Amino acid sequence: LWFSYGGKTREALLALVAAFNAEQPEHRLSPVYQGDYFELLAKLRTSLHAGRAPAVTHVVAEVMPYLVEAGVLEPLDGLPGLEGDLGLALPLSQQGAFDGPVPPRLYGVPFNRSTPIAYLNGSVMKELGREPPATWDELRDFASAATKGDEASRRWGFSVPIDWWFWVAMLGQAGGNPADASGRFTLGGEAGVRALALMQELVYERRVMRAPTGRDYNAWQVQNADFLAGRVAMIWTSTAFVRYLEDNAKFPVVCAPLPRQERAAVPTGGTMFVMPKGSPPAWQEAAARFIAFMARPDRSNEFATKTGYIPVTRAGVASLTEAGYYAKKPNDRVAVDQLGSVMPWPWHKELFRVQREVVQARLESAVLERQSARVALDGARAPIEASP
C-alpha cells in the first residue's frame, strides 16, 4: 500500500491497516509512505513504466480520468468484497464526483474525501459580534472588520491559498463551471475572472487578505500556522484539518460553509483508492479486500472522526447522526452538509494537466505578481484550446 501524508491522518490510516491485517490474516498489507499526493503520483507513473507498481494506492480524484484512459488501472467492480452497491455517498464516489460520460466500470473507491470549508477564530467573532460570512459581500465586510494592526503586527481578516481548488470553489459560487456541457475547458468564462479578481481585491485593494507563501501544501501549512497563532481571523482550507486545528488552537474554532455569490458551490477533494495493473492475482485479492474493508461504514467512520475527512458511506453518516456525534462535533457536520452544493469535476483525461501545468501557475502570477485576472485566464485557455 502506497500512501501520502503524515500527522493524525497517517496515524489513523496505519491503525486501520493494522486492524485489517489482524482481522484478515490471510492477507497482509505493508504500508509505504511516498511523500505528498504529487510526489506519490510521480513515483506511481515511474513504477507503472517499470512494471513495479504497488498492489493498491490512493490518488487525487482529478487524475483518475487520465489513469483510466491510459489503461493502467484495474476495474474494481466484481472483485472480492467489491461486488454490488457499496452504499457510497454519491458526491464522494466515482459516479458522483465527475460529470459524464463517466465509465460505467468502477475504477476508484473514495478514501480521504473532503470539501473546502471556512475556519474562523471564535474569539474574534465574539469580539466583532459577527457570524460567519454567508455571501461574498459579507466576506469582504468580515475580513475588513477583523483586520487590524500595522504591517509588522497585523492580524489579517482572511487568508486562502492561491490554489486551483479554492479558485474553482469561487468560480462555482460566481455561477460558472470549469468546463462546459461538452467537456471543453472554459475556466468559467466571466465567473472565473470574477473569482480571481476577488482574491486580488482582498489582497491589494482592501489589504485584508494575506496570501500564504509557498506552493502547494507548503502554503496550506503556513496558513494553518498563521491561523493558530492568531495572525489570521478566518481561513479557507480542507475539512481534513478539523481535528488538527481544534486540538491545537487556543481559541474556539468555528467551521462554516463557504459563502456564496450567485450560488453555493464547492468542489470535492482528496483521493480514491485504485489498483494499478500488473499485480499477481493474490495481491489483487488482498488489495480488493482492503479497499472493501476501508469502505465499510464502521471503518470509514473511524478514519473520518479521527481526522475530519468526510465519511464515505451513507450508512456511516446516518449512524453518526443517530449517535449524536454531529450534535457534539458540529464542525464535522459542515462538509457533510456541503455535499448538497458539490460541483462535479469534468471526466476529462486532461483535467489534472490543466490544473497542475496550465492554470495553477497563472493563478499565482495573477495574485502574487498583480497580473490582470482576465489576461491570466486568457493565457491559460490558449494552450488548452491548442492541445489536440
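The values are calculated or read from the model by the stated rules, or taken from the named source; none is laboratory data. From a predicted model like this one, the values you see are computed outputs, not experimental measurements. Positions of Cβ are backbone-derived with ideal geometry, glycine not excepted, and every protein chain shown enters the neighbour counts. For accessibility, only protein heavy atoms count, side chains too; no ligands or nucleic acids. Shrake-Rupley method; radii C 1.70, N 1.55, O 1.52, S 1.80 Å.
Miscellaneous remarks
- Filtering P54, P65 for residues that are open to solvent by less than 50 Å² (accessible area, probe 1.4 Å), over 21 Å from Y5 (Cβ atoms) and not hydrophobic (A, V, I, L, M, F, W, C) leaves a single hit, P65.
- Extreme residue, nearest to the chain's Cα centre (by Cα), among residues of region 94-109 that are under 22 Å from P257 (Cα atoms) and surrounded by 22 or more Cβ atoms within 10 Å (Cβ to Cβ): A97
- Considering region 127-143, and only residues there that are in contact with a helix residue (DSSP H, G or I) (Cβ under 9 Å, 6 or more places away or on another chain) and assigned to a helix (DSSP H, G or I), the residue that is most open to solvent (accessible area, probe 1.4 Å) turns out to be E127.
- Search result, residues across region 229-248 that are in contact (Cβ under 8 Å) with a residue 12 or more places away in the chain, under 22 Å from S153 (Cα atoms) and surrounded by fewer than 18 Cβ atoms within 10 Å (Cβ to Cβ): G230, R231, N248
- Going through (1) farther than 19 Å from Q360 by Cα; (2) buried (at least 21 other Cβ atoms within 10 Å of the Cβ) one by one, Y204 falls short only on (2).
Every residue, every condition in (1) of a type in the set (A, V, I, L, M, F, W, C); (2) under 21 Å from I384 (Cα atoms); (3) in contact with a Lys or Arg (Cβ under 7 Å, 6 or more places away or on another chain); (4) open to solvent by less than 10 Å² (accessible area, probe 1.4 Å), yes or no:
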| position | (1), (2), (3), (4) |
| --- | --- |
| D163 | no, yes, no, no |
| G175 | no, no, yes, no |
| D180 | no, yes, no, no |
| T186 | no, yes, no, no |
| E190 | no, yes, no, no |
| R210 | no, no, no, no |
